[in-house]
Amino acid sequence: MRGVRRERLKSLLLREISDIVRFEVDLPEGLFITISAVELNKDATKATVFVSGLKPEDVALAVERLNRASGFIHRLLGKRLRLKVVPRPEFVIAPEVMS
């Protein structure tokens, strides 16, 4: 995948996953998290989604819940995006939260 197309896809995934997490996924009230970045593997079949937030324990809880809902999020991405292969999201804690 070319560099410009890859960057556009990462930007699109960041925006769409953020919207899905904000409006469609049921997270506990008062959980302040942000989808900070998206990285794609070489063939763009898997998207590693970095989650950050104010409290490390909130981020850990959110990552656990989002990984459980990853199939639902993948299905919504498939409905929203016009791609042959929609990357399957995997949520991880952003490196800046762990330090």
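Derivation of every value follows stated rules applied to the coordinates shown; laboratory data play no part. If you're wondering where the values come from, they're calculated on a predicted model, not measured in any experiment. Methodologically, a virtual Cβ is constructed for each residue, glycine included, from the backbone with ideal geometry; neighbour enumeration extends over all protein chains shown.
Some observations on this one:
- Proximity of backbone amide H atoms, modeled 1.01 Å from N, is registered between LYS46 and ASN41, ARG88 at under 5 Å, excluding neighbours fewer than 5 places apart on the same chain.
- The loop-placed trypsin sites (Lys or Arg not before Pro) in segment 39-95, going by DSSP, that have at most 11 neighbouring Cβ atoms within 10 Å of their Cβ come out as LYS42, ARG82, LYS84.
- Estimated translational diffusion coefficient (Stokes-Einstein, Kirkwood radius over Cα pairs, 20 °C, 1.002 mPa s) of the chain: 157 µm² per second.
- The chain - mean residue ellipticity at 222 nm from DSSP helices (-39,500 (n - 2.57) per run, n ≥ 4, rounded to 500): -15500 deg cm²/dmol
- Amide H contacts of ALA37 (H built 1.01 Å from N, under 5 Å, at least 5 apart or other chain): PHE50
- Residues of type lysines that LYS10 reaches as a straight line, Cα spacing below 19 Å, ignoring anything fewer than 8 places off in the same chain: LYS42, LYS46, LYS79, LYS84
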